[in-house]
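Okay, structure first, notes after.
The values are calculated or read from the model by the stated rules, or taken from the named source; none is laboratory data. All figures in this text were calculated on a predicted structure; none of them were measured in a lab. Cβ placement follows ideal geometry from the backbone for every residue including glycine, while neighbour counts extend to all protein chains displayed. Side chains included, ligands, DNA and RNA excluded: accessible areas come from the protein's heavy atoms. Shrake-Rupley method; radii C 1.70, N 1.55, O 1.52, S 1.80 Å.
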Amino acid sequence: MKIELNEHEALTLYKLLCRWESTGKLTVKGEEESKMLWDLQCALEKELEPVNEAITKRLV
């Protein structure tokens, strides 16, 4: 699977991940990060829904 991000989305995700790495906490700050994560979830949902039971078992 390939997910493409524009430059703004990539930078927003990078900042979120860097903060997670430095604090040990995955927190969402502001509308920009919330929207980027929601958009990412939607993109994954389109590819993965309905979630196959075999995929779900691999994640747990």
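Tabulated data for the structure shown
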{"read-out": "In the range 14-47, the residues that are under 23 Å from Lys2 (Cβ atoms) and in contact with a helix residue (DSSP H, G or I) (Cβ under 9 Å, 6 or more places away or on another chain)", "value": "Lys15, Leu16, Glu33, Lys35, Met36, Leu37, Asp39, Leu40"}
{"read-out": "For Thr23: the one exception among (1) modelled with pLDDT of 90 or more; (2) open to solvent by 100 Å² or more (accessible area, probe 1.4 Å)", "value": "(2)"}
{"read-out": "Counted residues, the range 26-36 - those being within 22 Å of Leu48 (Cα to Cα) and open to solvent by 80 Å² or more (accessible area, probe 1.4 Å)", "value": "1"}
{"read-out": "Set Glu9, Glu47: member being open to solvent by 80 Å² or more (accessible area, probe 1.4 Å) and either of a type in the set (A, V, I, L, M) or modelled with pLDDT under 95 (or both)", "value": "Glu47"}
